[in-house]
Amino acid sequence: MEARRALIRKAVNACCGRQGFNFVDGRRCEPTDSTGQIKVTEPATGLPLCSFGSSGERDVADAVASAKAAFAQWSQMACTERGRILINAGSKIRENLEFLAHLEVKDNGKPIWEARVDILSCADAFEYFGGVVPSVAGQHIPVGGDSFAIVSREPLGVVAGIGAWNFPMQTCTWKVAPALACGNTFVYKPSPLTPMTALALADILIEVGVPKGSYNVIQGDGETGSLLCHHPDVAKVSFTGSVLTGSKVMAAAAAGIKKVTLELGGKSPLIIFDDADMKNAVKAALMANFLTQGEVCSNGTRVFVQKGIYKDFMKNLIEATKKLKIGDPFEEDTTVGATISKEHAEKVLRYVESAKSEGAVVECGGERCVLPPPLDGGYYLSPCVLTSCTDDMKVVKEEVFGSILSVLTFSEEDEVIDRANATHFGLAGGVFTKDIQRAFRVVKRVQAGTLWINTYNLYPPSLPFGGYKQSGLGRENGTAVLEQYTQTKTVYVEGGDVDCGPLYQE
Ligand code: NAD
């Protein structure tokens, strides 16, 4: 076991040390038009991980040209064949689970057990879309007499994906798997903080038979992303990131009338009624706040607790939170890993300070923990539970994207629904109650793209995911996403003579 782990770590280190962080036309390459050097640090240690050039205009053009050239072959392939290749990609990801999970931890700092869950979900997505795509069919519509129309679904062309750093491979896969399944080709720009696993995916896709050029990776910062959004041969941009950047992406896409999918931030409510199963509600509150160091878009960071169980719930929640183990993300029993960067950790800690200054009480956590070398350069934050919160506090209104759980109390169902909806976000939400009628009443009225009843933060690829309000536009996953990566073509077939009224006289 130890020997195997040592081998995997060696492979991960070798991977980070390889040359060529772009992947264009089936091979790794350096940018030829770099606009500056990006230095990536390993969150767990704060030590340098890798460095590469930020791709410039020519690199973006090369990647898009490669995807455009590959489109003819990939889009013309029988969809059963494309599906088979993607299902094989899922199997390959499973075969390489340990390597990919370790690479993700190296890049992102999340605990290894969570990274395994993420990587397996990538395999699920390739298998799901590989399986679903042969059944994507058009329509035959009679239009009178012997005439009819056929409506076929066609791919869009070159799709650009731009990702965030919290679920590096999953974010990439949720875009690439359905886009490729529908016959598009792809250029992906990972977050400059987490460049590794999207690149590892390129090797896998080539190995299973995705033709070169169909999936390209270009590394870079926001400027690279912007170049990609403005490129005239990009038909669609699928973006995951903040609301602020999302609006820039949408503006850039608007200039070229490109389609967009936006997966943005959230400030989701988790509503716990008096009759909830206590243990499950506490487990869900942990899942809704402390996975991946709290860096999860759908997190239920506003935990509304009905007054009758408040005391009991808080006792259990604080006990469970204090048991979380902050430590080396590669250790099997670690439950809290490293924050992505020093800057982000400082931002999270500033939210704790602002909460305190506005009158919130820190029940536990909210501090930096310095771990022994070689982890002393990493930013490990203890999960924070805040009480005495009010709806107008900065920490309650804004997306923190870190391990801060704000507890709010409520009395009535109508009241909590109004308060839950009093936000410009609408990504997700949860309700805990044993009363099924109440559960359905509440989820019907909460304005969010995904609601969980008596659980939280689960997203199999068969379920559409995306936001209401400023949390986004469009959906990822489920069969809903197939519409986002295809366009319809209507063909009207005349079954008789052309009827043009008085226009034509014999
Ligand atoms: P970010 O918006 O700072 O960056 C996201 C990506 O956009 C990066 O790759 C970045 O390089 C690129 N970018 C920056 N400026 C750009 C521009 N002008 N044009 C094109 N691309 C540009 O977000 P982040 O800090 O990487 O991620 C955190 C945010 O992502 C949070 O708000 C979180 O809620 C959100 N997120 C949403 C989901 C979802 O599915 N809804 C999932 C994960 C993360």
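The values are calculated or read from the model by the stated rules, or taken from the named source; none is laboratory data. On a predicted model such as this, the values are computed, not experimentally measured, just so you know. All Cβ positions, glycine included, derive from the backbone under ideal geometry; neighbour counts span all protein chains shown. The protein model used for the area step is the full one, side chains on, heavy atoms only, and it has no ligands, DNA or RNA in it. Shrake-Rupley method; radii C 1.70, N 1.55, O 1.52, S 1.80 Å.
For residue 486, which of the numbered conditions (1) touching a helix residue (DSSP H, G or I) at 6+ places or on another chain (Cβ under 8 Å); (2) more than 14 Å from the ligand (Cβ to nearest atom); (3) polar (S, T, N, Q) fails to hold?
The one condition residue 486 does not meet is (1).
As an exercise: evaluate residue 372 against (1) open to solvent by 10 Å² or more (accessible area, probe 1.4 Å); (2) within 29 Å of residue 39 (Cβ to Cβ); (3) part of a helix (DSSP H, G or I) and give the number of the one condition it does not meet.
Checking residue 372 against (1) open to solvent by 10 Å² or more (accessible area, probe 1.4 Å); (2) within 29 Å of residue 39 (Cβ to Cβ); (3) part of a helix (DSSP H, G or I), the one that fails is (3).
Quickly run through the stretch 210-225 and pick out the residues that are hydroxyl-bearing (Ser, Thr, Tyr) and within 9 Å of the ligand (Cβ to nearest atom).
224
Looking at 46, 90, 56 in this structure, which one is of a type in the set (Gly, Ala, Ser) and under 23 Å from the mean Cα position of the chain (by Cα)?
90
Just the residues that are part of a loop (DSSP other than H, G, I, E, B), in contact with a helix residue (DSSP H, G or I) (Cβ under 8 Å, 6 or more places away or on another chain) and surrounded by fewer than 23 Cβ atoms within 10 Å (Cβ to Cβ), please, taken from the stretch 300-329.
Correct list: 324 only.
Filter the stretch 20-41 down to residues that are free of Cβ contacts under 8 Å to residues at least 40 places away in the same chain, of a type in the set (Gly, Ala, Ser) and open to solvent by 10 Å² or more (accessible area, probe 1.4 Å), then give me how many there are.
1
Please name all residue pairs, on different chains or six or more residues apart, with Cβ atoms under 6 Å, provided the first residue is in the stretch 461-476 and is open to solvent by less than 20 Å² (accessible area, probe 1.4 Å) and the second residue is more than 10 Å from the ligand (Cβ to nearest atom) and in a helix (DSSP H, G or I).
461/124; 461/125; 461/128
Check off (1) within 16 Å of the ligand (Cβ to nearest atom); (2) open to solvent by less than 50 Å² (accessible area, probe 1.4 Å); (3) in contact with a Ser or Thr (Cβ under 7 Å, 6 or more places away or on another chain); (4) not acidic (Asp, Glu) for residue 193 and give me the number that stays unchecked.
So the condition that residue 193 fails would be (2).
Of everything in the stretch 226-250, what is more than 9 Å from the ligand (Cβ to nearest atom), open to solvent by less than 60 Å² (accessible area, probe 1.4 Å) and more than 20 Å from residue 178 (Cα to Cα)? Give them in sequence order.
231
Could you tell me whether any residue of the stretch 107-129 is in a strand (DSSP E or B), away from the ligand (no atom under 16 Å from the Cβ) and out of contact with any strand residue (DSSP E or B) (no Cβ under 9 Å at 6 or more places or on another chain)?
No, the conditions are met nowhere in the stretch 107-129.
Tell me, which residue of the stretch 251-264 that is among the charged types (D, E, K, R) and more than 18 Å from residue 164 (Cα to Cα) is surrounded by the most Cβ atoms within 10 Å (Cβ to Cβ)?
258
Report whether or not residue 415 is under 27 Å from residue 240 (Cβ atoms), acidic (Asp, Glu) and more than 16 Å from the chain's Cα centre (by Cα).
no
Just to verify a result, which residue in the stretch 392-402, among those that are open to solvent by 10 Å² or more (accessible area, probe 1.4 Å) and touching a residue at least 12 places away in the same chain (Cβ under 8 Å), is farthest from the ligand (Cβ to nearest atom)?
394
Would you mention how many residues in the stretch 154-179 are within 21 Å of residue 294 (Cα to Cα), part of a helix (DSSP H, G or I) and within 12 Å of the ligand (Cβ to nearest atom)?
Residues meeting the conditions: 5.
Would you mention how many residues in the stretch 47-63 are farther than 29 Å from residue 328 by Cα, open to solvent by 40 Å² or more (accessible area, probe 1.4 Å) and in contact with a strand residue (DSSP E or B) (Cβ under 7 Å, 6 or more places away or on another chain)?
Going through the stretch 47-63 one residue at a time, the tally reaches 1.
Evaluate the following for residue 44: is it among the aliphatic types (A, V, I, L, M), open to solvent by less than 80 Å² (accessible area, probe 1.4 Å) and in a loop (DSSP other than H, G, I, E, B)?
yes
Answer yes if at least one residue in the stretch 145-159 is free of Cβ contacts under 8 Å to residues at least 60 places away in the same chain and open to solvent by less than 40 Å² (accessible area, probe 1.4 Å), and no otherwise.
no
Modelled with pLDDT of 95 or more, open to solvent by less than 30 Å² (accessible area, probe 1.4 Å) and among the aromatic types (Phe, Trp, Tyr): is that true of residue 351 in this structure?
yes
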